[in-house]
Ligand code: ARG
């Protein structure tokens, strides 16, 4: 042998916005989560190594992060919406979610109407923010947070009276923080998709859809589901 080693460092770059447990979050110095594991399957199929790029959610949901080449694909617990579909090409749906309210336990806020004269925390750029803006009565004061951690913390320490976000994320948080509770789900019927720059990632999307179909078929999806959504 020549002794020359061919080093391939081909990466699948994946944009996300941390933290969004259990879809993407830091644990023991590593980024882990349901989306991360699914993207690992895609990377493996393509013979690539996943590299995660943490970037504000607005840059993801506007498609900018992907169209400017910050990453090949976004995996961010991102809901497929009509507006986003105009600037992003989405994979097949891989998860169902709905908006929900998190409050301090026993607060009694179980609807947007019950928050009249109160404050409601929203996460910037999300479908939760959009739902609150479209449906909360005038008297509800919306407070915008840069990320999920800041929003959850504000609910816990009384900085806001309630927070709106995706149900699965709130269920997990309330389980770990029994002084909080999820009081209502709004049945927004959302589906998550992985997203690439419009018109630029057809091949990659095919690989993603194939990896998803395989994972569902061979039980890997189910395994990951049980791992990250234990109840
Ligand atoms: N599903 C919601 C949306 O698409 C929230 C996603 C937030 N994701 C994140 N990684 N911060 O707007």
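Some values worked out for this structure:
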item: Filter result for residue 142 (without any contact (Cβ under 8 Å) to a residue 24 or more places away in the chain, more than 13 Å from the ligand (Cβ to nearest atom) and surrounded by 15 or more Cβ atoms within 10 Å (Cβ to Cβ)); result: yes
item: Residue identified as at pLDDT 95 or above, within 30 Å of residue 139 (Cα to Cα) and touching a strand residue (DSSP E or B) at 6+ places or on another chain (Cβ under 8 Å) among 91, 114, 107; result: 107
item: Search result, residues across segment 19-63 that are within 16 Å of the ligand (Cβ to nearest atom) and without any contact (Cβ under 8 Å) to a residue 12 or more places away in the chain; result: 25, 26, 27, 32
item: Every residue from segment 66-87 that is within 12 Å of the ligand (Cβ to nearest atom) and touching a helix residue (DSSP H, G or I) at 6+ places or on another chain (Cβ under 7 Å); result: 74, 75, 76, 77, 78, 79, 81, 84
item: Selected residue [over 14 Å from the mean Cα position of the chain (by Cα), at positive phi and outside the structural domain of residue 179 (by TED's automatic domain parsing)] from 33, 108, 63; result: 63
item: Test result for residue 72, out of contact with any strand residue (DSSP E or B) (no Cβ under 8 Å at 6 or more places or on another chain), more than 24 Å from residue 150 (Cα to Cα) and in contact (Cβ under 8 Å) with a residue 40 or more places away in the chain; result: no
item: Listing of helices (runs of 4 or more DSSP H) fully contained in segment 128-231 that carry 2 or more residues being farther than 16 Å from residue 100 by Cα; result: 148-157, 202-218, 220-228
item: Condition broken by residue 172, with the remaining ones in (1) touching a residue at least 60 places away in the same chain (Cβ under 8 Å); (2) surrounded by 22 or more Cβ atoms within 10 Å (Cβ to Cβ) satisfied; result: (2)
item: Looking only at segment 110-124, and only at residues there that are buried (at least 19 other Cβ atoms within 10 Å of the Cβ) and touching a residue at least 40 places away in the same chain (Cβ under 8 Å), the one that is nearest to the ligand (Cβ to nearest atom); result: 123
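So that you can scan it fast, the table gives a plain yes or no per residue for (1) free of Cβ contacts under 8 Å to residues at least 60 places away in the same chain; (2) under 22 Å from residue 32 (Cα atoms):
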| position | (1), (2) |
| --- | --- |
| 203 | yes, no |
| 209 | no, yes |
| 214 | no, yes |
| 219 | yes, yes |
| 223 | yes, yes |
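The values are calculated or read from the model by the stated rules, or taken from the named source; none is laboratory data. Quantities reported herein were computed from a predicted structural model and do not represent experimental measurements. We place every Cβ from the backbone using ideal geometry, glycine too, and count neighbours over all the protein chains shown.
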